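Step one of this worksheet: look at the structure below.
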Amino acid sequence: MDDKKVLLDNIDKLHTTELGITRIKKNLNLDTDDVVTYCRHKILNQNCNIYRQGKNWYCEIDGQKITVNAHSYTIITAHIIL
């Protein structure tokens, strides 16, 4: 099965930790505490480039890269990419 489809089929399992919330807000300069919903919307966007390398999925859209653990569906981090 296509890795992208696996992630999208399990999008409701997406979550992060308290430290993840802080890290993602800081890295993306977000003004919301609901970073999971923010990331979920980005990942579900049809223009999102989703690919898997090793144990993580990488989701790139709008100059941002979101890293998701492929087994636990934990959003590990997100960065602005240049």
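The values are calculated or read from the model by the stated rules, or taken from the named source; none is laboratory data. It should be emphasised that the depicted structure is a prediction, and the values quoted were computed from it without experimental measurement. Backbone-built Cβ (ideal geometry, glycine too); neighbour counts: all protein chains shown. The protein model used for the area step is the full one, side chains on, heavy atoms only, and it has no ligands, DNA or RNA in it. Shrake-Rupley method; radii C 1.70, N 1.55, O 1.52, S 1.80 Å.
Solvent exposure of the stretch 13-82, expressed per residue, is 58 Å² of accessible area, with all protein chains present and a 1.4 angstrom probe. Each of L44, T16, N69 was placed along the dipole of the chain (beta-carbon charges, centred on the mean Cα), and the one lying farthest toward the positive end is N69. Each Lys and Arg contributes +1 and each Asp and Glu -1, all at the Cβ; summed about the Cα centre of the chain, the dipole is approximately 220 debye. Working from Cα positions, state the angle (0 to 90°, nearest 10) between the long axis of helix 18-28 and the longest principal axis of the chain. Long axis of 18-28 versus the principal axis of the chain: about 80 degrees.
Largest GNM mean-square fluctuation across L28, L19, L44, computed for the chain with C-alpha springs under 10 Å, falls on L19.
Just the protein heavy atoms count here, and of the accessible area of the chain at 1.4 Å, carbon and sulfur take up 49 percent.
Working note: Cα atoms of the chain, range along each principal axis, descending, whole Å: 36, 26, 21.
On C-alpha positions alone, give me the angle between the axis of helix 35-44 and the longest principal axis of the chain, in degrees, nearest 10. Compared with the principal axis, the helix lies near 40 degrees.
Estimated purely from DSSP H runs of n ≥ 4, each contributing -39500 (n - 2.57), the mean residue ellipticity at 222 nm for the chain is -10000 deg cm²/dmol once divided by its residues.
Scanning residues 5 or more positions from T16 or on other chains, those with amide H under 5 Å from its amide H are I75, with H placed 1.01 Å from N in the peptide plane.
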